[in-house]
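What follows is a single structure, written as structure tokens, with notes after it.
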Amino acid sequence: FPPPGKLVLQYGPHTTFGELALMYNAPRAASVVATSDSVLWAMDRNTFRTLIMQKMTQKRLQFEELLERTPLCKTMNNYDRSVLADVLVETTFPVGT
């Protein structure tokens, strides 16, 4: 860990911090000091985890629906499609690539 008071990272507008502490119920790795007037939002661990789980469930259902319409996966049972949906990673490519 860096010595106390050492600048490790500088955040700008619309950024987040502390999510690892919320996910793993661990102490924050660093303190945050505002260098100008700021507006901050705080979230408790249970709310954070609920939002993450809802988003993961939504994404999983989206992938399962995609797999159900994919000819290669039509013969798979629901469980196998569900397992496959859990490991899919969404990637976006710029137009023309």
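Among the candidates Arg81, Arg49, single out the residue that is open to solvent by 100 Å² or more (accessible area, probe 1.4 Å), at pLDDT 90 or above and either part of a helix (DSSP H, G or I) or at positive phi (or both).
Arg49
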Considering only residues that are basic (Lys, Arg) and without any contact (Cβ under 8 Å) to a residue 12 or more places away in the chain, look in segment 65-95 and name the one that is nearest to Met53 (Cα to Cα). Arg69
Test Met23 against the stated conditions and say whether it is part of a loop (DSSP other than H, G, I, E, B) and open to solvent by less than 100 Å² (accessible area, probe 1.4 Å). no
Just one of the numbered conditions (1) open to solvent by less than 100 Å² (accessible area, probe 1.4 Å); (2) aromatic (Phe, Trp, Tyr); (3) over 19 Å from the mean Cα position of the chain (by Cα) is not true of Phe17; which one? (3)
Residues satisfying the stated conditions in segment 84-97, i.e. out of contact with any helix residue (DSSP H, G or I) (no Cβ under 8 Å at 6 or more places or on another chain) and open to solvent by 100 Å² or more (accessible area, probe 1.4 Å): Val87, Val89, Thr92, Phe93, Val95, Thr97
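The values are calculated or read from the model by the stated rules, or taken from the named source; none is laboratory data. For clarity, every value in this text was computed on a predicted model and none was experimentally measured. Methodologically, a virtual Cβ is constructed for each residue, glycine included, from the backbone with ideal geometry; neighbour enumeration extends over all protein chains shown. Please note that ligands, DNA and RNA were not included when accessible areas were found on the heavy atoms of the full protein model with its side chains. Shrake-Rupley method; radii C 1.70, N 1.55, O 1.52, S 1.80 Å.
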